[in-house]
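The values are calculated or read from the model by the stated rules, or taken from the named source; none is laboratory data. Note that the structure is a prediction, hence the values are computed from the model and not measured. Here the Cβ is made from the backbone with ideal geometry for all residues, glycine too, and neighbour counts use every protein chain on show. What goes into the accessible areas is simple: the full protein's heavy atoms, side chains included, and nothing from ligands, DNA or RNA. Shrake-Rupley method; radii C 1.70, N 1.55, O 1.52, S 1.80 Å.
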Amino acid sequence: MRTAAVLLVAAAVATSCGAQRAQPQGGRFLVYTRHLNGSNQAIWIAHVDGTHARLLVQYGIFGAISPDGRWVAYNRCLASQERCQTGNAPFALFLVGTSDGKPRLLARSTSYPSWSPRSDRIVALRKNELVSLDLDGNLRVLEKSPAIAGWSFSPDGKRVVYAKARQHTKCASDLFVVGANGGEERLLTRGRDAFPVWGRHWIAFSRYPESCAYARRIWRVRPDGGAARPVTGPPPPDYAKGGYYGFDPIDWTPDERVLLAGLASEWGPEAIRVDVATGRFEKLSGYALDLSRDGRFALVDSGGSEGPQTLAAVALADGRRRVLAHGDVAFPSWNR
């Protein structure tokens, strides 16, 4: 009887979830796009140290790996190569397992996927709306405003913080919190705020000065909206002359003593390490993209817009750098 009951439960699960919901094997991986805009453009996957690279799926771009390493969400253009290169072509968000390589459509006209820490949900932009999707493609609209300036999941994956610009203002923008499945939004900050990053006890964000000048500094606030305070001072005056827009947070270390952040420029966020207690920062190498879950290594890229790119892991403690991939590579994502 016990064996029969187990088989009945297994059959019910298989029927309710469907064959497509079978869980691929997880792991720690690095994914990136190779041969950008070429006829053989594809998403490749490697071990998190860059070794054992292999083709994952053809024609993809902007791959984002789930925290559990089972899935990669990515975009694919749905037109000819010539039309795709114009930037005015239909596209869609797809999901592929890291071990089986059988892609399936999640949603059309949806881009910039961000994974829940629980690997069960994605928040992305769909026709300028902020939306939440489960892994079957069921979609909820979180915010209809087209002026979204960054978002981040809570550590438990149950909530999302996002920045929404106020219309008909120069730089006014507020932070809101909403359930990851949708629901009523809650105002978190009211100011000139953008690019929130949710840590264990704090949410970091960028704030413009009252003049709206390109001199963003990093602030932090409790998830309940209390204890808002600056982390960094304003950028030094000579930084503005050098073409920098200010400081933007990228990710917290687990103990929240350090922020991986970026010196924002037209080319991207140049990686810096910020001491949260003092606000002092140290430059790292490359453009900051992500932080390892233990807070020890930053994922960065570097290279000219026309030349070969280098993807690397940089130690926050001493700046040591390990190359993960080099050449015609772009848009990396890892779950280290």
Inset, instruction - Could you please give the count of residues in region 115-152 that are part of a strand (DSSP E or B) and either free of Cβ contacts under 8 Å to residues at least 12 places away in the same chain or open to solvent by 40 Å² or more (accessible area, probe 1.4 Å) (or both)? - result: 6
Legend entry - Test set (1) within 15 Å of the chain's Cα centre (by Cα); (2) part of a loop (DSSP other than H, G, I, E, B) - ASN88 fails condition number: (1)
Inset, instruction - Among residues belonging to region 272-296 that are more than 22 Å from ILE65 (Cβ to Cβ) and of a type in the set (S, T, N, Q), point out the one that is surrounded by the most Cβ atoms within 10 Å (Cβ to Cβ). - result: SER285
Legend entry - ARG190, sole failed condition from (1) in a strand (DSSP E or B); (2) closer than 24 Å to PRO269 by Cα; (3) of a type in the set (D, E, K, R): (2)
Legend entry - Top-ranked residue in region 306-336 [being among the charged types (D, E, K, R) and under 17 Å from LEU36 (Cβ atoms); ranked as most open to solvent (accessible area, probe 1.4 Å)]: GLU306
Inset, instruction - Evaluate the following for TYR74: is it open to solvent by 40 Å² or more (accessible area, probe 1.4 Å), closer than 19 Å to PHE331 by Cα and assigned to a strand (DSSP E or B)? - result: no
Inset, instruction - Please find, within region 31-44, the residue that is surrounded by the most Cβ atoms within 10 Å (Cβ to Cβ) out of those that are touching a residue at least 60 places away in the same chain (Cβ under 8 Å) and closer than 15 Å to ALA73 by Cβ. - result: VAL31
Inset, instruction - Answer yes or no as to whether ALA315 is touching a Leu at 6+ places or on another chain (Cβ under 7 Å) and of a type in the set (A, V, I, L, M). - result: no
Inset, instruction - For residues that are open to solvent by 30 Å² or more (accessible area, probe 1.4 Å) and among the hydrophobic types (A, V, I, L, M, F, W, C), scanning just region 216-261, find the one that is farthest from SER152 (Cα to Cα). - result: ALA240
Inset, instruction - Could you figure out which of (1) open to solvent by 60 Å² or more (accessible area, probe 1.4 Å); (2) touching a strand residue (DSSP E or B) at 6+ places or on another chain (Cβ under 9 Å) isn't true of CYS212? - result: (1)
Legend entry - Filtered residues of region 157-184 (kept if assigned to a loop (DSSP other than H, G, I, E, B) and surrounded by 14 or more Cβ atoms within 10 Å (Cβ to Cβ)): GLY157, LYS158, ARG166, CYS171, ALA172, ALA180, ASN181, GLY182
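Within region 208-326, considering only strands (runs of 3 or more DSSP E) that don't extend past its boundaries, which have at least 1 residues that are closer than 30 Å to ALA165 by Cα? I'd like the intermediate steps shown before the answer.
Details: elements: 217-221, 246-252, 258-265, 268-275, 281-291, 297-302, 309-315.
Output list reads 217-221, 246-252, 258-265, 268-275, 281-291, 297-302.
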